[in-house]
Amino acid sequence: MKSWRPAEYLMEVRGDLRHAFKALAASPGFSAVALISLTLGVCIATCAYSEGNGLTRDLLGVPNPTS
């Protein structure tokens, strides 16, 4: 089993990130669509959670809904 060396790991991560950014820069249309999709997904999930939280606070019979 190889020993874990932080410097080698960070150099490998740096190379991976460099490759990822080059690939994204090569196709700006895909990058824009992916970014918009991720943004909308996070927004929709946050709104759904907020609505669910608001609905559960209004339930009758819950003695202390804030805790």
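Annotations for the structure displayed:
- Within the stretch 12-26, no residue that is in contact (Cβ under 8 Å) with a residue 12 or more places away in the chain sits with its Cβ atom under 6 Å from a residue that is surrounded by 10 or more Cβ atoms within 10 Å (Cβ to Cβ) and in a helix (DSSP H, G or I) at 6+ positions apart or across chains.
- Sole exception among (1) in contact with a Ser or Thr (Cβ under 8 Å, 6 or more places away or on another chain); (2) modelled with pLDDT of 95 or more for ALA25, by number: (2)
The values are calculated or read from the model by the stated rules, or taken from the named source; none is laboratory data. Quick caveat: nothing in here was measured; it's all calculated off a predicted structure. Positions of Cβ are backbone-derived with ideal geometry, glycine not excepted, and every protein chain shown enters the neighbour counts.
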